[in-house]
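Here's the structure we're looking at; comments come further down.
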Amino acid sequence: MKITEIKTFPINIGFGSQLVIKVETDAGIFGWGASGLSGRELAVIGAIDHFRPLLVGKNPLQIGAIWQDLYRGQYFEGGRVLTAAISAIDIALYDIKGKFLGVPVYELLGGKQRNYVDCFASLRFTSEDELIERAQILINEGWSVLRLAPAEYEENSTSFFEPRASIALISKWVTKLRTIIGPDPVVGIDYHHRLSAAETFSFLSKMPEGTLDFIEEPIRDETPEAYETLRKMVNIPFAIGEEFASKWQFLPYIERGITQFARVDVCNVGGITEAMKVAAMAEAHYIDLMPHNPLGPICTAASIHMAAACPNVAWLEEINTPAEQPGTNDQTYYPLQPQLEGTKYLIPNEPGLGVDFNEELATSKTFIPVEIPRLVKRDGSYTNW
């Protein structure tokens, strides 16, 4: 069996964009993959265009060798664009191999270690009332783990974010939320690297102990030493890693005990091949995975298979919940996809990933690149989204 073609399908779905790929073979077996580099789909397509002539004619079952060839096969190895492309290809190859052997992907990873994968609910909000109302909806529906995501403030189509004003408000709202829902639900918050170390310390110090169970990505991740300093200042567990594009980027955060949850993204880190290595590193340091999963059904499916085969998994991210407007799992694009059962995904039995994609619909649509909001402070300076 040999690879004959790699097709790319950038699509607009919900409020965002996705990049799906299809790897075809001369045996009639094909695999679906997806890139996680949201908003830069055209750059990833460019990388795949470079990889295509290197892959056509190769045996798709030699997944590890292909990964090494793609990663090491240029002088400038690594980087988020290249590993996003490698991720999509790697996931598609696992889909092919599972279908070829007639087994689910997790059987290629050592077999399943659990019957289902628990999820946390991603909860976006712009006001105290919205936060409490949506949290109550989720808790009433059986969700016991909430990951809060405060949204930016928009004025005349401009998105503003003032860190000090934000932490003053959010700390009050989250404190009130905890008094209403009680101590049992797990509550974390994602500040989407919008704060500095000092602002993060101020934010956490404004709330009583026990208010939050973890904080996700409060500052940018380029400098582990900055996070290491912050780690010494606060006693709340960190969830870090959704932007990491290799096991090497995870290495200092795991080895130095900087993060307590590994936010591995199978569509960014280098696919299932690399994600399993990160999982093993994390396991050796008693760190649980909290997979990043904001994209769509292919990322969800790949994450489920990875989680099925790993002992150290806390919760999988889920953004399509009763408190959010669904938009990343459109049935018209994905007629076969993982189905949420309450607050969990059951481990599938279908060969491969257990997902299908409507390429005819995708090719009939014109793709419009989507840009994330550009956040500015009141003084006009830029800050992180």
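Please find, among 46, 31, 39, 57, the residue that is under 14 Å from residue 8 (Cβ atoms) and either surrounded by fewer than 20 Cβ atoms within 10 Å (Cβ to Cβ) or acidic (Asp, Glu) (or both). Being under 14 Å from residue 8 (Cβ atoms) and either surrounded by fewer than 20 Cβ atoms within 10 Å (Cβ to Cβ) or acidic (Asp, Glu) (or both) holds for just one of 46, 31, 39, 57, which is 46.
So which of 228, 222 is without any contact (Cβ under 8 Å) to a residue 24 or more places away in the chain and closer than 21 Å to residue 290 by Cβ? Talk me through it step by step, then tell me what you get.
Values: 228 fails: without any contact (Cβ under 8 Å) to a residue 24 or more places away in the chain.
Being without any contact (Cβ under 8 Å) to a residue 24 or more places away in the chain and closer than 21 Å to residue 290 by Cβ holds for just one of 228, 222, which is 222.
Looking only at residues of segment 75-94 that are free of Cβ contacts under 8 Å to residues at least 24 places away in the same chain and not hydroxyl-bearing (Ser, Thr, Tyr), we find that the one that is least open to solvent (accessible area, probe 1.4 Å) is 77. Residues considered: 236, 258, 189, 219. Of these, the only one that is touching a helix residue (DSSP H, G or I) at 6+ places or on another chain (Cβ under 9 Å), assigned to a strand (DSSP E or B) and modelled with pLDDT of 95 or more is 189.
Applying the set (1) surrounded by 18 or more Cβ atoms within 10 Å (Cβ to Cβ); (2) assigned to a helix (DSSP H, G or I) to residue 132 leaves exactly one unmet item: (1).
Of the listed requirements (1) at pLDDT below 95; (2) in contact with a Ser or Thr (Cβ under 6 Å, 6 or more places away or on another chain); (3) open to solvent by 20 Å² or more (accessible area, probe 1.4 Å), residue 178 misses just one: (1).
The single condition among (1) out of contact with any helix residue (DSSP H, G or I) (no Cβ under 7 Å at 6 or more places or on another chain); (2) in a helix (DSSP H, G or I); (3) farther than 24 Å from residue 297 by Cα; (4) not aromatic (Phe, Trp, Tyr) that residue 70 does not satisfy is (1). Listed by first and then second residue, the pairs with beta-carbon distance under 8 Å, at least 6 apart or on different chains, first residue in segment 353-367 and free of Cβ contacts under 8 Å to residues at least 40 places away in the same chain, second open to solvent by less than 30 Å² (accessible area, probe 1.4 Å), are 358/333; 358/334; 361/333.
The set of residues from segment 347-360 being open to solvent by 40 Å² or more (accessible area, probe 1.4 Å) and within 28 Å of residue 306 (Cβ to Cβ) comprises 349, 350, 351, 356, 358. Flag not set for residue 226, criterion: open to solvent by 50 Å² or more (accessible area, probe 1.4 Å), modelled with pLDDT of 95 or more and hydrophobic (A, V, I, L, M, F, W, C). Kindly evaluate residue 162 against the criterion of being touching a Lys or Arg at 6+ places or on another chain (Cβ under 7 Å) and either within 21 Å of residue 234 (Cβ to Cβ) or surrounded by fewer than 19 Cβ atoms within 10 Å (Cβ to Cβ) (or both). Judged against the criteria, residue 162 is a match. Just wondering, is there one or more residues in segment 96-116 that are among the charged types (D, E, K, R), open to solvent by less than 60 Å² (accessible area, probe 1.4 Å) and closer than 17 Å to residue 20 by Cβ? Among the residues of segment 96-116, not one is among the charged types (D, E, K, R), open to solvent by less than 60 Å² (accessible area, probe 1.4 Å) and closer than 17 Å to residue 20 by Cβ, which makes the answer no. For segment 1-27, give me each residue that is in contact with a Pro (Cβ under 8 Å, 6 or more places away or on another chain) and open to solvent by 40 Å² or more (accessible area, probe 1.4 Å). Of everything in segment 1-27, those that are in contact with a Pro (Cβ under 8 Å, 6 or more places away or on another chain) and open to solvent by 40 Å² or more (accessible area, probe 1.4 Å) turn out to be 1, 2, 14. Of all residues in segment 326-346 being without any contact (Cβ under 8 Å) to a residue 40 or more places away in the chain, touching a Gly at 6+ places or on another chain (Cβ under 8 Å) and within 30 Å of residue 125 (Cβ to Cβ), which is least open to solvent (accessible area, probe 1.4 Å)? Top of the filtered list is 334. What are the residues in segment 335-385 that are among the aliphatic types (A, V, I, L, M), touching an Asp or Glu at 6+ places or on another chain (Cβ under 9 Å) and not in a strand (DSSP E or B), if any? Answer for segment 335-385, where residues must be among the aliphatic types (A, V, I, L, M), touching an Asp or Glu at 6+ places or on another chain (Cβ under 9 Å) and not in a strand (DSSP E or B): 353, 355, 370.
Within the set 188, 241, the sole residue that is closer than 30 Å to residue 159 by Cα, of a type in the set (Gly, Ala, Ser) and touching a residue at least 60 places away in the same chain (Cβ under 8 Å) turns out to be 188.
The values are calculated or read from the model by the stated rules, or taken from the named source; none is laboratory data. All figures in this text were calculated on a predicted structure; none of them were measured in a lab. Every residue, glycine as well, gets a Cβ built from its backbone with ideal geometry; the counts of neighbours run over all protein chains shown. For the accessible areas, the whole protein counts, side chains as well, though only heavy atoms, and no ligand, DNA or RNA atoms are used. Shrake-Rupley method; radii C 1.70, N 1.55, O 1.52, S 1.80 Å.
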